[in-house]
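Q: To start, I am sharing the structure in question, which I have written as structure tokens.
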Amino acid sequence: MIDDLDLGFDEPERGEKGRHRRSFRKRKGGSGGGRGKTFLALLMALALLGAIGGGAFYGFDRIQNYFVTPDYDGAGSGEITVEIKNGALLADMADALVAADVVKSQKAFIEAAEANSRSKNIQPGTYKLRKQMSGASAVTAMLDLKNKIVNGLTIPEGRTSKNIYKLLSDKTKIPVKEFEAAAKDPEGLGVPDWWFKRDDGKKVVKSVEGFLYPDTYEIPPKATAESILKLMVDNFLSVTGEMKFADRVQKERKVSPYEALIVASLAQAEAGNKDDLGKVARVAYNRAYGEFPCTCLEMDVTVNYYLESIGKPTKSSKQMTAAELDDPKNPYNRKLSGMIPTPINNPGKQALEGAMATPVGKWLYFVAIDKQGHSAFAETYAEHQRNEARAREAGII
């Protein structure tokens, strides 16, 4: 609007000796009235600028935020605990800190973290911090391990859920029955419904088995059985998501993700060495879906899973009776055709990779042949018998 006002000034003209002079322009229809009109226009312009200025002062704080990062000064005061969840990005961390009034704005923390080359070392966990810290102070505090509440627990690969509940209970003093109760609703713990789909026509049994990802966890203060299991399920989903596990097994293995997860658990239980995880997975696929005479798994680990589930001690293959090996009441019977109802443990990343990126081979048999747990694989029973002879010579079986 100011552009529409004619204040009556001409552009400066250069006179003699380089001096500037300003001339008033005469308007049409008059000679001396130009000065009075120019003065009036000047007054109007000043009034307009004053009105605009008042509005600008009114919104100054809001406008300032676009140019100046809202931030507290200093190291803050008091004490507060803040949990940084697994997989949190800088923006997620900033949101948690703003919600706890540790930092004034998301921008303050992110800018401070980006300016600190060590900020990538900030780990998930629970931190003791202060309220109303500057972004830089918050970043420095989170890089100081003294401020991290360490309550870690390592869940080994291949443990059953029942075994994991015991480990968690010993660490947290939360009763096992509370973990068992929380585990009855896998979807409530975050397992998406689509995971419980099968392509083999068998009835779906919804279980949290297989979804409690083995890792080292920081147990937050005041954690519940449900929140801990949710943390583990969330970790599983993050890892398998990054691997594109579900997409790849459907495309490359032609099986549902749930069936592939079962295979990963079988490989985790049967392989004596990580080098053989993929080959054992291939044997499981070949037996359940291929040309194996009974199209059954015939793996003793499935029997042990059932024994543990009903509160009985597990056994070695030599100790198992004929009735245990072929119990008609056992839904994990090694003689049942096809794939078993659920995973039999919680496999780690390498076992998941073995079930996903399985090596090509027609193996149907395997047996451990050395003390490092390596197995020999065979396509025929005659070849398998020769491998068993090697194992006996090595004192393995």
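The values are calculated or read from the model by the stated rules, or taken from the named source; none is laboratory data. Everything numeric here is computed off the predicted structure, so don't read it as measured data. Counting neighbours? That spans all protein chains shown, and the Cβs are built from the backbone with ideal geometry, glycine included. Calculation scope for accessible area: heavy atoms of the full protein, side chains included, ligands and nucleic acids excluded. Shrake-Rupley method; radii C 1.70, N 1.55, O 1.52, S 1.80 Å.
Q: Apply the Karplus curve 6.51 cos²θ - 1.76 cosθ + 1.60, θ = phi - 60°, to the phi angles in the stretch 222-233 and return the couplings in whole Hz, x for Gly and Pro.
A: 6, 5, 10, 4, 5, 5, 5, 5, 4, 4, 6, 5
Q: May I pose another question? Past the 24 Å Cα-Cα mark, which pairs from Lys251/Lys329; Lys184/Lys222; Lys197/Lys230; Lys244/Lys274?
A: Violating the 24 Å limit, Cα to Cα: Lys251/Lys329.
Q: While we're on this one: Filter the trypsin sites (Lys or Arg not before Pro) in the stretch 166-208 to those in DSSP coil with at most 16 other Cβ atoms within 10 Å of their Cβ, and list the result.
A: Numbers: sites: Lys166, Lys171, Lys173, Lys177, Lys184, Lys197, Arg198, Lys202, Lys203, Lys206; in loops: Lys173, Lys184, Lys197, Arg198, Lys202, Lys203, Lys206.
Here the sparse-neighbourhood loop sites are Lys173, Lys184, Lys197, Lys202, Lys203, Lys206.
Q: Can you return the aspartates and glutamates within cross-link range of Lys315? Criterion is Cα-Cα under 20 Å, with same-chain partners fewer than 8 residues away left out.
A: Glu157, Glu270, Glu298, Asp300, Glu324, Asp326, Asp327
Q: So, with a 1.4 angstrom probe, what is the percent of accessible area on the stretch 272-397 that is carbon and sulfur?
A: 51 percent
Q: Turning to a different aspect of this structure: Which shape class applies to the stretch 276-357: rounded if a/c is under 1.5, otherwise prolate when a/b exceeds b/c and oblate if not, where a ≥ b ≥ c are the square roots of the Cα gyration tensor eigenvalues?
A: Values: a/c = 2.04, a/b = 1.36, b/c = 1.49.
Oblate.
Q: Here's something else I'd like to know. Once Lys and Arg get +1 and Asp and Glu get -1 on their Cβ, which of Leu97, Gly125, Ala115 lies farthest toward the positive end of the dipole of the stretch 88-127?
A: Comparing the listed Cα positions along the dipole, Ala115 ranks first.
Q: A further question on this structure: Name the residue farthest towards the positive end of the dipole of the stretch 121-280 from the options Val280, Ile155, Ala138, assuming +1 on Cβ of Lys and Arg, -1 on Cβ of Asp and Glu, about the Cα centre.
A: Ala138
Q: Additional query: Kindly flag which residue pairs out of Lys177/Lys349; Lys104/Lys131; Lys148/Lys177; Lys312/Lys335 have an alpha-carbon separation exceeding 18 Å in this structure.
A: Lys177/Lys349; Lys148/Lys177; Lys312/Lys335, as the Cα separations exceed 18 Å there.
Q: First check a/c for the stretch 171-226, with a ≥ b ≥ c the square roots of the eigenvalues of its C-alpha gyration tensor; if it is under 1.5, answer rounded, and if not, answer prolate when a/b is larger than b/c or oblate otherwise.
A: prolate
Q: Quick check: from the Cα gyration tensor, does the stretch 320-397 come out rounded (a/c under 1.5), prolate or oblate?
A: Taking the square roots of the gyration eigenvalues as a ≥ b ≥ c, the stretch 320-397 is oblate.
Q: Still on this structure: Mind checking which aspartates and glutamates have their C-alpha under 17 Å from Lys254, skipping anything on the same chain fewer than 8 residues away?
A: Asp199, Asp200, Glu291, Glu353
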